[in-house]
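The structure appears right after this line, and notes come after that.
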Amino acid sequence: MTAYMIAQVNVTDPEKFEEYRALVPATLEKYGGRFIVRGGETAALEGEMPYPRLVVIEFPDMDAIKRWHASEEYAKPIQMRQAASDSVLVAVDGYDG
């Protein structure tokens, strides 16, 4: 079942975060990940978002998300993201009706 990695991010070091952003796409390929949402304008219609930046990445399944997040390819970028931002990452199964 398709699954999604949803991240809410507050960038604290824009320069370092841009370096991170440049590395991420190549880490997704092997795991079948593709960006659905990558930043862009947001509008909180109800409640408050904890962080202003929103990212949604689609994967073939939950296992692929977990393998990507724990992968050698993502090891350096994850450290860069953690040093350049505050964030919440959530993996969720898609809905197939």
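The set of residues from segment 37-48 being closer than 22 Å to Ala3 by Cα and out of contact with any strand residue (DSSP E or B) (no Cβ under 6 Å at 6 or more places or on another chain) comprises just one member, Gly40. Restricting the first member to segment 37-64 and to residues that are aliphatic (A, V, I, L, M), and the second to residues that are surrounded by fewer than 11 Cβ atoms within 10 Å (Cβ to Cβ) and in a loop (DSSP other than H, G, I, E, B), the beta-carbon pairs closer than 8 Å and six or more apart or on different chains are Leu54/Gly40; Met62/Met1. Applying the criterion of being among the small types (Gly, Ala, Ser) and at pLDDT 95 or above to the residues of segment 1-46, the residue that is surrounded by the most Cβ atoms within 10 Å (Cβ to Cβ) is Gly33.
Scanning segment 42-71 for residues being aromatic (Phe, Trp, Tyr) and over 21 Å from Leu23 (Cα atoms) gives a total of 1.
The values are calculated or read from the model by the stated rules, or taken from the named source; none is laboratory data. Keep in mind it's a predicted model, so treat the numbers as computed, not measured. Backbone-built Cβ (ideal geometry, glycine too); neighbour counts: all protein chains shown.
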